[in-house]
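Right, one structure below, let's go through it.
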Amino acid sequence: MWYTVHVTHFGNYVRAARVQLEGDGRFSLRQVAQRIGVEPAYLSKVERGLVPPPSEATIVRLAADLGEDPDVLLALAGKVSSELQAIIVRRPKQFAELIRQLKDAPDTAILRIVREVRDGKW
C-alpha cells in the first residue's frame, strides 16, 4: 500500500506541475525528460505511477526544471534528502522528538518556530 500511495501521489503531482507549465511550449514530456536526463518513456511511467519515483538526484533536477521545491517532491516520493538525513543523523533523538511533538501542531505554530530559529531568536 505504501508503495502505491507514494508512487501515485508523486506521479500525479509531477504530471500536474508539468502540464500546468506546458502552455509555454518548453514543458512537453520529451523536453522535460531531456533536460533532466531521463528517457521520455521512463518519465511517462513515473507520471502514471507505473514505476517507483526516480533517484534523489533526478528528483532534484526535476524539481528545479519545474520550479518546485525539491523537499516537497522528495517527500511525495517517500524520500528525505541526503542533506536532511545527515542533519538528523547528527542528533537523531532530538530530531525524532521534535518531529513527534510537531506532528499535530498547526502550520502557524511550525512557521513561527521556523522563523524564530532562522532569525536566531531563541
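One table, with the values for the structure above:
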item: Spin-label model distance (nm) - Ala57 vs Arg112, 7 Å beyond Cα toward Cβ; result: 4.3 nm
item: Cα shape, the chain, gyration tensor, a/c 1.5 rule; result: prolate
item: Segment Gln85-Asp104, extension gain: residue separation times 0.36 nm, minus the distance between their alpha carbons; result: 4.6 nm
item: Given charges at Cβ of Lys, Arg, Asp, Glu: the range 60-122 dipole, positive-most of Leu76, Pro106, Ala96; result: Ala96
item: Net charge dipole size for the chain [Lys, Arg +1 and Asp, Glu -1 on Cβ; Debye, nearest 20]; result: 240 debye
item: Candidate aspartates and glutamates for bridging to Lys93, where Cα separation is under 18 Å - those fewer than 8 sequence places away on the same chain excluded; result: Glu83
item: Residue with peak Gaussian network fluctuation, the chain [Cα springs, cutoff 10 Å], from Asp71, Asp24, Asp107; result: Asp107
item: Highest-MSF residue in the chain out of Ala77, Ala63, Ala109 [GNM, Cα springs under 10 Å]; result: Ala109
item: With at most 11 neighbouring Cβ atoms within 10 Å, loop trypsin sites (Lys or Arg not before Pro) (DSSP) excluded, longest segment of the chain; result: 27-102
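Every number in this text was worked out from the coordinates using simple rules, so none of it is lab data. Bear in mind the structure is a predicted one, so any value in this text is a computation, not a measurement. Here Cβ is always computed from backbone atoms with ideal geometry, including for glycine, and neighbour counts include all displayed protein chains.
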